[in-house]
Amino acid sequence: MDTGLSKLSTALDALVLRQNITASNIANIDTEGYTKRKVEFEKHLQEAKLNGNDTDVKPSIEVTDQKVDLDTELIEMAETQMKVQFVTRMIRSQLELTKMGITGNPNSRL
């Protein structure tokens with residue numbers, strides 16, 4: 001797979017995981033003893049880029065000591081959805097460029 005598409009795919013996977021963890025936080029908001037979980041991806045990506053090796057960055061799930069706040073989780077979900085839409089558009093653009101490279105015609109159907 002193209003390196004750009006591979007990185008975008010990994011980013012999309014991390015965002016889907018973040019949506020699932022956020023939904024889990026909301027579902028467990030009234031569960032006694034439950035604390036917020038969050039997905040770390042961007043931090044890992046920045047660290048990997050600084051080290052010159054951003055080819056195999058994976059998200060991680062962190063358990064915090066914070067209580068779940070519904071407003072914060074809803075904002076997180078909305079922000080993540082916007083990022084999903086952006087990454088999806090980027091994937092579509094990459095695929096369109098690949099198609100044009102193969103066919104020489106941006107309007108052709110493969």
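Candidates 48, 95, 66 compared by Cα position along the dipole of the chain: farthest toward the positive end lies 95, with charges placed on Cβ. The magnitude of the dipole of the chain, with charges of +1 and -1 set on the Cβ of Lys/Arg and Asp/Glu and taken from the Cα centre, is near 620 debye.
Backbone phi angles across region 83-94, fed through the Karplus curve with coefficients 6.51, -1.76 and 1.60 (θ = phi - 60°), yield HN-Hα couplings of 5, 4, 4, 5, 5, 4, 5, 5, 4, 4, 5, 4 Hz in residue order; Gly and Pro are listed as x. Residue 28 sits among other residues whose Cβ lies under 13 Å from its own Cβ, and their net charge, with Lys and Arg +1 and Asp and Glu -1, is -1. With N counted as the residues of the chain, its alpha-carbon radius of gyration over 2.2 N^0.38 Å works out to 1.34. Simple spin-label estimate for residue 16 and residue 74 gives 2.7 nm between the two label positions (7 Å along the Cα-to-Cβ direction from each Cα).
With contacts taken as Cα pairs under 8 Å and at least 6 residues apart, the chain reaches a relative contact order of 31 percent. Residues whose amide H comes within less than 5 Å of that of residue 58, counting only those at least five positions distant or on another chain, are absent (H built at 1.01 Å from N in the peptide plane). Note that region 18-25 has calculated 3J(HN,Hα) couplings of 4, 4, 5, 5, 4, 4, 5, 4 Hz, one per residue in order, obtained from phi through the Karplus relation 6.51 cos²θ - 1.76 cosθ + 1.60 (θ = phi - 60°); glycine and proline are x.
We did not get these values from a lab; they are worked out from the coordinates using the rules stated. In this text the structure is predicted, and so the values were computed from the model without any measurement. Because the Cβ atoms are built from the backbone with ideal geometry, glycine has one as well, and the counts that use them run over all protein chains shown.
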